[in-house]
1. Mind listing just one residue for me: the one in segment 42-72 that is among the β-branched types (Val, Ile, Thr) and assigned to a helix (DSSP H, G or I) and, of those, nearest to Gly3 (Cα to Cα)?
2. Any residue at all in segment 10-33 that's at pLDDT below 90 and closer than 18 Å to Val78 by Cβ?
3. Would you mind stating whether Val14 is part of a helix (DSSP H, G or I), under 13 Å from the mean Cα position of the chain (by Cα), of a type in the set (Val, Ile, Thr) and surrounded by fewer than 14 Cβ atoms within 10 Å (Cβ to Cβ)?
4. Only residues that are of a type outside the set (Val, Ile, Thr), modelled with pLDDT of 80 or more and farther than 10 Å from Met1 by Cα: list them for segment 75-91, please.
5. Taking into account only those residues within segment 25-76 that are loosely packed, with under 13 Cβ neighbours inside 10 Å and among the small types (Gly, Ala, Ser), which is farthest from Arg11 (Cα to Cα)?
6. Could you tell me which of the residues Asn83, Asn75 is assigned to a helix (DSSP H, G or I), out of contact with any strand residue (DSSP E or B) (no Cβ under 7 Å at 6 or more places or on another chain), among the polar types (S, T, N, Q) and in contact (Cβ under 8 Å) with a residue 40 or more places away in the chain?
7. Please list, ordered by first then second residue, the pairs with beta carbon atoms under 8 Å, 6 or more apart or interchain, first in segment 1-28 and in contact (Cβ under 8 Å) with a residue 12 or more places away in the chain and over 12 Å from Met69 (Cβ atoms), second surrounded by 10 or more Cβ atoms within 10 Å (Cβ to Cβ) and aromatic (Phe, Trp, Tyr).
8. Provide a single number: the residues in segment 29-52 that are in contact (Cβ under 8 Å) with a residue 12 or more places away in the chain and over 23 Å from Phe65 (Cβ atoms).
Amino acid sequence: MDGSEVLDYAREAVYVMLLMAGPLMAVALIVGLVIALFQALTQIQEMTLVFVPKIVAIFFALILFLPFMSSTLGNFMVRTMENIIVVGGSL
């Protein structure tokens, strides 16, 4: 395994990480913006108001996106094991 293959594998790992974290981060961003807009419109400046709705939204998003996340991570793991078998077999 040379340097370019290692870089390709690292790039793929970062891409998988972004695919897995992206939907949850997007949900947290949208909920945070909606609550910030609500706070600005009503002039309620309670710092703890953001946490409960954001946690609940992330929980439901996690339930919604869990099949996609598990299949993405599972496919990456299968490719990783195949690479280990191929590289280990050529030694």
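1. The extreme case among them is Thr72.
2. No, segment 10-33 contains no residue that is at pLDDT below 90 and closer than 18 Å to Val78 by Cβ.
3. In short, yes.
4. Those that are of a type outside the set (Val, Ile, Thr), modelled with pLDDT of 80 or more and farther than 10 Å from Met1 by Cα: Asn75, Phe76, Met77, Arg79, Met81, Glu82.
5. In this case the residue turns out to be Ala40.
6. After applying the criteria, what remains is Asn83.
7. What qualifies is Glu12/Phe76; Ala13/Phe76.
8. 2
The values are calculated or read from the model by the stated rules, or taken from the named source; none is laboratory data. This is a predicted model, so every value here is computed, not measured. Note that each Cβ is placed from the backbone with ideal geometry, even for glycine, and that neighbours are counted across all protein chains shown.
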